[in-house]
1. State whether one or more residues within the range 200-213 are more than 23 Å from Met61 (Cβ to Cβ) and either away from ligand 1 (no atom under 14 Å from the Cβ) or at pLDDT 95 or above (or both).
2. Please note which helices (runs of 4 or more DSSP H) are completely contained in the range 143-219 and include at least 3 residues that are closer than 14 Å to Ser113 by Cα and away from ligand 2 (no atom under 16 Å from the Cβ).
3. Can you give me the number of residues within the range 220-259 that are part of a loop (DSSP other than H, G, I, E, B), within 15 Å of Ser43 (Cα to Cα) and away from ligand 1 (no atom under 16 Å from the Cβ)?
4. Report yes if some residue within the range 134-141 is within 10 Å of Asn193 (Cβ to Cβ), outside any loop (DSSP other than H, G, I, E, B) and within 11 Å of ligand 1 (Cβ to nearest atom); otherwise report no.
5. Given the conditions (1) modelled with pLDDT of 95 or more; (2) exposed (fewer than 14 other Cβ atoms within 10 Å of the Cβ), report the number of the one that Leu267 does not fulfil.
6. Which residues, counting only those in the range 50-67, are crowded, with 19+ Cβ neighbours inside 10 Å and either assigned to a loop (DSSP other than H, G, I, E, B) or modelled with pLDDT under 95 (or both)?
7. Quick one: what pairs do we get from the range 93-109, first residue farther than 11 Å from Phe238 by Cβ, second of a type outside the set (A, V, I, L, M, F, W, C) and assigned to a loop (DSSP other than H, G, I, E, B), C-beta under 6 Å, 6+ apart or different chains?
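The values are calculated or read from the model by the stated rules, or taken from the named source; none is laboratory data. Worth saying up front: this structure is predicted, and the values here are computed from it rather than measured. No Cβ is skipped: glycine too gets one built from the backbone with ideal geometry, and neighbour counts run over all protein chains shown.
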Amino acid sequence: GLIRKPASFVSTISDDRGQELLYAGMRISDVFKEDIGIGGVLSLLWFKRRLPDYACKFIEMVLMLTADHGPAVSGAMNTIITSRAGKDLISSLVSGLLTIGERFGGALDGAASQFTSAYDSGLTPREFVNQQRKANKLIPGIGHKIKSRNNPDLRVVLVKEYVKKTFPSTPILDYALKVEEITTSKKDNLILNVDGCVAVSFVDLLRESGAFSREESEEYLKIGTLNGLFVLGRSIGFIGHYLDQKRLKQGLYRHPWDDISYLLPTLDSQTLDP
Ligand code: ACO
Ligand code: LMR
């Protein structure tokens, strides 16, 4: 009989071989017939399933409110500087994306895992904060350079309002808000930031929506899904900054000397002995 050639790799999210492109089994024509939106497409390609309407809207909300936060943040600056150095769209975009990490925009996976394991292990919010402080570790998803209790981040307010109104239950968000009460009582800017708020809400979505088994939600947290939300959202803004600079015909950027502290060693004060 016929011997099937073993496949070199496996793929489970899309298929372009037939007459119609399939996203996780859904025909592209149905994607439009059923008007599932970008949240619906993301659900199919990231999670291989349809999610309830409120979840798709939440995903869209996250992409919309992480899309940009002005030209001054690390990623946008990188994109702008790269664009002004005459580079192309992709180089400028990835230059911005490369700044996303534990400090800027990439604290979602860390926040999800830290808050969730603290909650699951029964630590009180205060015990969790103390434990982190003792270990000399910053809590991912807490803190902001300019936003604070007195200058609240409206993005976070919008996420909280939506999640509270539409999700079946929000134990991890509630836990993170109790942690925020403690951290902001120490320092006004130690708020639950946009990364943190989206992350803990997403854990509540994974665990409480009924769309995922417990094993599946643990797996999505483990493989680092949530930073993808910020990466995807902020790419919209970075591309915007790239186009803006090109449109404005901005020339090569050079940082002014007077904004740099030059603190070089003086050679004559150095000894050559090791
Ligand atoms: N957990 C606990 N303590 C904190 C945290 C935190 N996440 N962030 C700051 N602190 C404390 C610091 O230990 C420091 O304490 P000290 O004065 O006793 O030494 C004080 O607050 C100030 O710390 P800085 O690092 O100067 O704070 P800054 O305002 O410059 O940093 C930042 C803001 C980078 C966001 C920081 O809070 C942080 O790294 N947070 C965790 C990572 C994170 O969530 N990043 C995403 C931010 S949102 C976004 O990028 C879209
Ligand atoms: C952002 O969304 O880029 C920020 O919250 C970071 C910042 O410093 O504004």
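1. As a first pass, look at the range 200-213 and keep what is more than 23 Å from Met61 (Cβ to Cβ): 213.
Pick out the ones that are also either away from ligand 1 (no atom under 14 Å from the Cβ) or at pLDDT 95 or above (or both) and you get 213.
Yes, the range 200-213 has at least one match.
2. Details: elements: 154-166, 171-186, 194-208.
In the range 143-219, 171-186, 194-208 are the helices (runs of 4 or more DSSP H) which contain 3 or more residues that are closer than 14 Å to Ser113 by Cα and away from ligand 2 (no atom under 16 Å from the Cβ).
3. Residues of the range 220-259 part of a loop (DSSP other than H, G, I, E, B): 223-226, 248-256.
Going one step further and asking which of them are within 15 Å of Ser43 (Cα to Cα), we end up with 225-226.
Imposing the further condition that a residue be away from ligand 1 (no atom under 16 Å from the Cβ) reduces the set to 225.
The qualifying residues number 1.
4. No - not one qualifying residue is present in the range 134-141.
5. (1)
6. Matches in the range 50-67: Leu51, Thr66.
7. That search, which allows pairs on different chains as well, returns Ala107/Pro140; Ala107/Gly141; Asp109/Gly224.
Conditions (1) closer than 18 Å to Asp109 by Cα; (2) of a type in the set (A, V, I, L, M), marked per residue:
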site	(1), (2)
Asn136	no, no
Ile142	yes, yes
Ile146	no, yes
Asn151	no, no
Leu158	no, yes
Val163	no, yes
Asp174	yes, no
Val179	yes, yes
Asp188	no, no
